[in-house]
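Where a number appears in this text, it was derived from the coordinates with a stated rule and is not lab data. For clarity, every value in this text was computed on a predicted model and none was experimentally measured. Positions of Cβ are backbone-derived with ideal geometry, glycine not excepted, and every protein chain shown enters the neighbour counts.
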Amino acid sequence: MQRTSAFLRLHQSLKSSATIYQKTTNSLSTPDLDQKLASMWVLVNYISSGGRRPKKKIYHRVHELDRAMDLQKKPSLILQLKLIIQSQKNQCLLLRDLEKEVGFVQKWNFMAVIEKYTSIFHVGGGNRTPPYVRLTEKADKIAREEAEAWELMEPILVKNLRKLLMMSVDCRLPLEKIEFIQAELGLPDDFDQSLLPKYPEFFSVKDFNGKAYLHLENWDSSLAVTAREERLALDGILTSVGHSKKVRISKDGNYLGPYAFKMNFPAGFRPNVSYLEQIERWQKMEFPSPYLNARRFEIADPKARKRVVAVLHELLSLTMEKRMTSARLDVFHSEYLLPSKLLLCLIKHHGIFYITNKGARSTVFLKEGYDGSNLIEKCPMLLFNSKFVALSGRGEAISCNDMPSSKIVS
């Protein structure tokens with residue numbers, strides 16, 4: 001009774017306030033007043049319903065992966081300045097020309113890097129010579145190892161490009177879309193001239209509807225194996241199918257099976273029994289390979305929806321750092337028949353993917369690719385970059401998103 005009386009008094013108070021407001025505000029239009037009253041009634045109806053407020057859905061942060069984005073800032077500046085210096089005629093950059101290269105605002109960030117990391121950058125010049133910056137002797141010696149890193153990268157890049165084309169519905173991708181993700185893939189700026197012509201048995205560039213497309217010339221079934229399947233085979237799970245004992249899913253969502261994904265829930269996430277049972281059914285569900293044509297499957301089929309997760313998993317696995325900005329993933333809807341609500345799909349499977357808003361753009365991580373803030377497996381180019389940046393005394397992760405592209409040296 002006391003609770004009902006309190007609600008009635010609140011209701012009467014709100015009605016009285018609305019009446020006074022209507023009488024004293026002649027300038028207020030009727031639609032605006034109706035909107036205010038409607039909002040009041042929403043409040044009253046909500047309170048008088050007697051129901052509990054629904055729990056707010058929280059997207060749990062993974063601070064280690066957020067930190068991975070922060071750790072890339074200084075190394076990316078160091079690598080970009082290295083490339084600018086190497087592009088100069090005499091391998092040295094006049095400080096007065098720095099603003100012309102990077103802009104007025106960014107110039108001061110680079111000046112701070114030059115001043116701080118004297119083990120990498122040497123500033124010279126005198127009375128008659130304008131100040132300039134060049135690489136130190138030790139930094140220049142390590143920089144020469146980049147050519148060897150590119151030689152090791154080339155077969156990796158060719159393989160990953162072929163796999164990208166094999167996953168697309170028509171075994172072709174617009175060249176401009178590949179250029180859009182070339183930093184994530186580790187491709188050089190001029191890959192269409194320096195890399196593709198060297199492999200005519202694999203690639204061809206053809207015009208389709210007035211747009212240049214990269215076509216796959218031949219299908220290789222040995223490449224139609226996902227990174228997830230390779231990991232399971234390495235762990236001996238695929239070879240033991242049919243001989244393993246029945247196992248239940250653990251509290252962390254992981255399940256030993258040929259169609260299971262590696263799960264890594266955030267520290268603050270506490271799944272209940274019902275959720276874990278759903279995860280177990282989903283982990284056991286078989287699904288078509290991402291390398292089969294997506295047009296063969298109905299998108300409403302649960303198996304096809306699980307296949308979409310496998311496609312996203314494989315796309316991120318083919319990048320150098322097992323991560324890609326959400327905008328770059330978003331451009332491949334038609335080529336891989338991705339869901340229209342891609343963001344919701346990624347959030348739903350937060351044990352597999354993580355979205356961070358750190359940095360200039362939101363970035364999607366493949367969680368299993370990281371141990372804390374550190375990338376587990378590094379390609380030859382990332383190993384070279386780490387070695388170069390280590391001259392500064394820094395051991396943080398290096399991102400290819402803000403990293404300048406280089407050319408493959410034959």
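Brief remarks on what is shown
- Computed from backbone phi, the HN-Hα couplings of segment 204-216 come to 8, 9, 10, 7, 9, 6, x, 10, 6, 10, 8, 9, 8 Hz, rounded to whole numbers (Karplus: 6.51 cos²θ - 1.76 cosθ + 1.60, θ = phi - 60°; Gly and Pro given as x).
- With the Kirkwood sum run over all distinct C-alpha pairs, segment 271-327 has a hydrodynamic radius of 13.0 Å.
- Enclosed volume per residue, in Å³, of the convex hull spanned by Cα atoms of segment 69-115: 75 Å³
- Diffusion coefficient (Stokes-Einstein, Kirkwood radius over C-alpha pairs, 20 °C, 1.002 mPa s) for segment 290-396: 140 µm²/s, rounded to a whole number.
- Label positions at Ser326 and Asn127, each projected 7 Å from the Cα along the C-beta direction, are separated by 6.0 nm.
- Efficiency of FRET between Leu94 and Glu137 - r from beta-carbon atoms, R0 22 angstrom, step 0.05: 0.65
- Within segment 226-371, the proportion of C-alpha pairs whose separation exceeds 27 Å stands at 21%.
- Volume in Å³ per residue [convex hull over Cα atoms, computed for segment 45-190]: 258 Å³
- Scalar couplings 3J(HN,Hα) for segment 364-369, obtained by applying the Karplus form with A = 6.51, B = -1.76, C = 1.60 to θ = phi - 60°, are 9, 9, 8, 4, 5, x Hz; x denotes Gly and Pro.
- Residue among Val133, Ala212, Leu223 farthest towards the positive dipole end of segment 119-223, charges placed on Cβ: Val133
- Our coupling estimate for segment 283-291, obtained by passing each phi through the Karplus curve with A = 6.51, B = -1.76, C = 1.60 and θ = phi - 60°, is 5, 7, 5, 6, 8, x, 5, x, 8 Hz, Gly and Pro reported as x.
- Charge context of Val205, other residues only, Cβ under 15 angstrom, K/R +1, D/E -1: -2
- Per-residue extension of 0.36 nm, minus the Cα-Cα distance of His63 and Asp220, leaves a gain of 52.5 nm for this segment.
- Of the Cα atoms belonging to segment 146-221, the radius of gyration and Dmax stand at 12.1, 39 Å.
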